[in-house]
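As structure tokens, the structure follows; a few thoughts come after it.
The values are calculated or read from the model by the stated rules, or taken from the named source; none is laboratory data. Being a predicted model, the structure only gives us computed values, none of them experimental. Every residue, glycine among them, receives a Cβ derived from its backbone with ideal geometry; neighbour counts consider all protein chains shown.
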Ligand code: HPA
């Protein structure tokens, strides 16, 4: 994989992408963050050597490089999920590429189901920890020491300084946020009521189908991570309704303006 990463990185550098300040993974419904990026280079995944190609509707599959708040950002519009059939290594390949482009700071976003009774549809949660319940692990197999250590420290998966900075930005802009734990399941089914209950009981606030493998791989390479989750449906007894991908996308839109504002200001201040 190391050689493939170098090949992809060379391709992107040759296209003019150089040492972005931030990498951003745009989750469901967050594609509009792209509208506040001053785009310099836009490349469909299908044109990037070794890149997987996203198959989920609403994840359009483009790499975007440009300026946001005067900083250089590289955004993945469309991510790769394990449930699509990608291996964990393939699904997290773009994160490795980001690191080798010189990115040290990663912002990951997603849509999730809220299981904390204080949460509402359209709320924003900053992820302060996660529980990995995916059936496969992106670091399973022989370790490539060029990427990082065999045994990866996870005592601070989400960077506390980034979290504190985002909290103060939210406060200043009067944007309501929660902080909490994101639990990752494989999907693609949404949870049954009993599964939502399990998620709550074992200590999570939200549940989704992404992000955790990306953060694990980022931590393997000692990148700093900030995680933002939009609550798009509720897994709380008495509030559980039919969920669909469309409903998730629509609900994510409720929070889009707030999330864009948060990210824009976050990137602005170092
Ligand atoms: N469960 C899992 N993934 C999700 C959910 C959910 O309720 N909402 C958005 N993504």
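Consider region 184-203. How many of its residues are more than 8 Å from the ligand (Cβ to nearest atom) and either in a helix (DSSP H, G or I) or under 22 Å from residue 249 (Cα atoms) (or both)? Result for region 184-203: 13.
Can you pull out every residue in region 204-216 that is in contact with a strand residue (DSSP E or B) (Cβ under 6 Å, 6 or more places away or on another chain) and over 13 Å from residue 106 (Cα atoms)? Within region 204-216, 204, 205, 206, 207, 208, 210 meet the criteria. Any residue that is out of contact with any helix residue (DSSP H, G or I) (no Cβ under 9 Å at 6 or more places or on another chain), near the ligand (Cβ under 10 Å from one of its atoms) and part of a strand (DSSP E or B) - is there at least one of those in region 228-236? Yes, region 228-236 contains at least one residue that is out of contact with any helix residue (DSSP H, G or I) (no Cβ under 9 Å at 6 or more places or on another chain), near the ligand (Cβ under 10 Å from one of its atoms) and part of a strand (DSSP E or B).
Filtered by the rule that a residue be part of a loop (DSSP other than H, G, I, E, B) and either on the phi > 0 side of the Ramachandran plot or more than 14 Å from the ligand (Cβ to nearest atom) (or both), region 204-216 gives a lone residue, 211. Cβ-Cβ distances below 6 Å connect the following pairs, each with a first residue in region 17-28 that is in contact (Cβ under 8 Å) with a residue 12 or more places away in the chain, a second residue that is more than 16 Å from the ligand (Cβ to nearest atom) and not in a strand (DSSP E or B), and a separation of six or more residues or different chains: 19/102; 20/103; 22/267; 23/98; 23/103; 26/33. When residue 165 is tested against (1) more than 13 Å from residue 262 (Cβ to Cβ); (2) in contact (Cβ under 8 Å) with a residue 60 or more places away in the chain, exactly one condition is not met: (1). Does residue 219 fit the bill of being more than 15 Å from the ligand (Cβ to nearest atom), assigned to a helix (DSSP H, G or I), modelled with pLDDT of 95 or more and over 21 Å from residue 118 (Cβ atoms)? Here the answer is yes, as residue 219 does meet what is asked.
Answer with yes or no whether residue 263 is in contact with a strand residue (DSSP E or B) (Cβ under 7 Å, 6 or more places away or on another chain), in a helix (DSSP H, G or I) and within 29 Å of residue 89 (Cβ to Cβ). It is true that residue 263 is in contact with a strand residue (DSSP E or B) (Cβ under 7 Å, 6 or more places away or on another chain), in a helix (DSSP H, G or I) and within 29 Å of residue 89 (Cβ to Cβ). Would a scan of region 163-183 turn up a residue that is surrounded by 23 or more Cβ atoms within 10 Å (Cβ to Cβ), more than 17 Å from residue 121 (Cα to Cα), at pLDDT 95 or above and within 14 Å of the ligand (Cβ to nearest atom)? Within region 163-183, one or more residues are surrounded by 23 or more Cβ atoms within 10 Å (Cβ to Cβ), more than 17 Å from residue 121 (Cα to Cα), at pLDDT 95 or above and within 14 Å of the ligand (Cβ to nearest atom). Do the conditions hold for residue 141, that is, is it modelled with pLDDT of 95 or more, surrounded by fewer than 18 Cβ atoms within 10 Å (Cβ to Cβ) and away from the ligand (no atom under 16 Å from the Cβ)? So residue 141 fits the description; yes. Suppose we filter region 1-39 for residues that are assigned to a strand (DSSP E or B) and either more than 21 Å from residue 80 (Cα to Cα) or out of contact with any strand residue (DSSP E or B) (no Cβ under 7 Å at 6 or more places or on another chain) (or both); how many remain? So the answer is 2. Listed by position, the strands (runs of 3 or more DSSP E) contained in region 40-137 that have at least 1 residues being closer than 28 Å to residue 167 by Cβ, within 16 Å of the ligand (Cβ to nearest atom) and touching a helix residue (DSSP H, G or I) at 6+ places or on another chain (Cβ under 7 Å) are 105-114, 124-132. Considering 268, 226, 262, which residue is over 21 Å from residue 183 (Cβ atoms) and buried (at least 22 other Cβ atoms within 10 Å of the Cβ)? Exactly one of 268, 226, 262 is over 21 Å from residue 183 (Cβ atoms) and buried (at least 22 other Cβ atoms within 10 Å of the Cβ), namely 262.
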